[in-house]
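As structure tokens, the structure follows; a few thoughts come after it.
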Amino acid sequence: MPEFEHAFVVRAPLTRTWAFHADPFSLPKVTRKPLRLRVIHADQPLAVGSHIHLELRLGPIRRTWRVRVRDLQPPYAFTDEQLPGEGPFRRWVHTHAFEKIDATHTRVMDRLSFDLHGGLLGTVVGWLMARLILPLVFAARAATTRSILEREP
């Protein structure tokens with residue numbers, strides 16, 4: 001099963017960083033072209049068992065994606081997982097973790113494990129995603145997150 005990890009530091013307090021990431025409606029704000037995400041529905045406030053229903057677009061391709069929050073440890077971490085058969089992956093687990101560095105800086109860490117459909121082809125695409133695509137996607141997310149959170153409140 002491919003895995004991917006990414007971390008960055010944002011100049012924002014832990015509580016503000018947590019609040020931004022724990023709001024499912026922040027996800028489209030940090031997703032850059034060519035990917036597009038739209039929140040169709042999100043149970044709020046975020047809690048264990050909360051469901052989030054998304055629409056993922058890549059050019060003309062659209063796919064709905066449903067995830068459930070399976071673990072929540074405010075303001076330090078939460079984990080979401082794709083519901084079986086409800087998204088682009090055979091399996092998707094994403095842990096979002098936050099670490100206070102000091103009063104004004106927070107480390108944001110993402111840990112993903114996933115499986116794709118498609119046998120050998122899915123294995124190759126999964127490797128490419130973990131090594132090439134996800135690093136670009138998460139670097140862009142980090143830059144956008146910094147841009148949003150580092151503005152004066």
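A few points about this structure:
- Note on the chain: Kirkwood hydrodynamic radius from all Cα pairs is 16.0 Å, rounded to one decimal.
- Using a Förster distance of 25 Å, the FRET efficiency for residue 117-residue 48 (Cβ separation, nearest 0.05): 0.35
- Taking all Cα pairs closer than 8 Å and separated by 6 or more residues, the relative contact order of the chain comes to 29 percent.
- The modelled label-to-label distance for the pair residue 8/residue 29, using points 7 Å beyond Cα in the direction of Cβ, is 1.4 nm.
- Between residue 70 and residue 151, residue separation times 0.36 nm minus the direct Cα-Cα distance comes to 26.0 nm.
- Of 54, 132, 27, the residue with the greatest mean-square motion in the GNM of the chain, using alpha carbon springs below 10 Å, is 132.
- Rounded to the nearest 20, the Cβ-based charge dipole of the chain about its Cα centre (Lys and Arg +1, Asp and Glu -1) stands at 540 debye.
- Size of region 16-59 as Cα extents on the principal axes (Å, biggest first): 32, 22, 11
- Applying 1/(1 + (r/R0)^6) with r as the Cβ-Cβ distance of residue 19 and residue 40 and R0 = 22 angstrom yields a FRET efficiency of 0.50.
- For region 58-74 versus region 21-48, the gap between their alpha-carbon centres in whole angstrom: 8 Å
Throughout, read-outs are computed from the coordinates displayed, never taken from laboratory work. Being a predicted model, the structure only gives us computed values, none of them experimental. All Cβ positions, glycine included, derive from the backbone under ideal geometry; neighbour counts span all protein chains shown.
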